[in-house]
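Let me begin by presenting the structure, written as C-alpha cells, before commenting on it.
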Amino acid sequence: MLKARRLGALLAALVLGPGGVAAQAPWRSITIDERLAAAAGLTVGDRAVLATGAGAPGDSVIVAGITRRGADPSEIARSEFRVRLHLDHLQALTGVGDRVGRFAVATAPAAASVDSAAARINALAFGFRAYRAADVAIETSATFRVVNRFHRAIGVITIVASAIFLLCITLLKVDERRRDVGALRLLGISRGTIVRAVVLEAALISVVGSLMGAALGYGASALVNWHYQGVYSTPLRFAIVTPGIVAFATLLSLTLGVVAGLLAAQRLVRQPPLELVGR
C-alpha cells in the first residue's frame, strides 16, 4: 500500500449514483482518511472513480476502509486529503513505474546502527538521500520548537511578574493586621510564633490556589483539545496538563508563597508592639 498525498490530481469523482460509471473487473479497493470521508460523505463500501485529473477516464474503486490521522504535529498545517491504494494500482493509474518520492526502511534490532545503515545507503548511488526518522521529525517540527521556546519565555516572564505581584499583595494583607499582631505581641506571643503562623497561612493559600489553577488548567486544556481536534480532524492533543506540570506549579507556588509570607511577617514583627497598635 502506498500513501497518495495529492488528492487533487488523483481523485476525480466521488460516490457514484445509480447512473454512475459501470464497474470494472476486478474492483480495486482503497482506503481514505477520515477528513476526506467527512468532507465528501464517504463510508466503507461506497464506490468512487480515481483519475489523474478531473474529467479524465479513471478506475472504479471501492472504499475498503477509513483511516485515522496520526498525532503528528508536522501535518496539522496541511489541508491535504489522503488516499491509500496498492502500489501497482497507483503505477498503472499515474503511468509512472519504478519511481517513488519517499520510502521507509526499518533496521533489525541486531543489525548495525541507524547511522551506519544510512551511511551505507547513501554510498550506494547518487540521486537519493537517506535520513534518520528522528532527523526528519526534528526538521519538520522546527516551527513547533520555536513556538515552544516562545511559550517558555512567556512563562518565565509571567512567573517573575506573578512573584512580584504576590509579594505586594502579601505585604498589604499582612500590614492590614498590624493591630492584631501588636496585640499578640503585647500578650507575650513571640516573634517566631507570629512568623510561623503567617508563613503557614501563606503556604496553605498557595496550595489551595495551585489546586484551583490545576483544575482550571485541566478544563481549559479539554476545551482547547475538543475545539482544535475537531477543526483539524486529528487525535493530536494541543494542550496537556501532566502530573509533572501540576507538581512543578504546586512546588513553585508553595515556594513563592512561603517566601512572600516570610518577608511580610519579618517586616511586621520588627516593629515595636505599641507602634503596631497605634500608640
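The distance between label points at A133 and H151 comes to 2.4 nm (points 7 Å beyond Cα on the Cα→Cβ vector).
Protection proxy ranking for 97-108, 58-69, 231-242, using the average of other Cβ atoms within 10 Å per residue and placing the highest first: 58-69, 231-242, 97-108. Over all other residues within a Cβ to Cβ distance under 9 Å of L268, the charged ones net out to +3, with Lys and Arg as +1 and Asp and Glu as -1. Highest mean packing comes first when the peptides 113-126, 215-228 are listed by Cβ atoms within 10 Å, giving 215-228, 113-126. With N the number of residues in region 215-279, Rg(Cα) / (2.2 N^0.38 Å) evaluates to 2.05. Ratio of Rg to Rh for region 124-272, alpha carbon only, Kirkwood? Rounded to two decimals, Rg over Rh is 1.25.
With the biggest extent put first, the Cα atoms of region 111-211 measure 91, 28, 20 Å across the principal axes.
Values in this text are rule-based calculations from the coordinates and carry no lab data. Here the structure is a predicted model, which is why all the values come from computation and not from measurement. For neighbour counting, all protein chains shown are included, and Cβ atoms are generated from backbone atoms with ideal geometry for every residue, glycine included.
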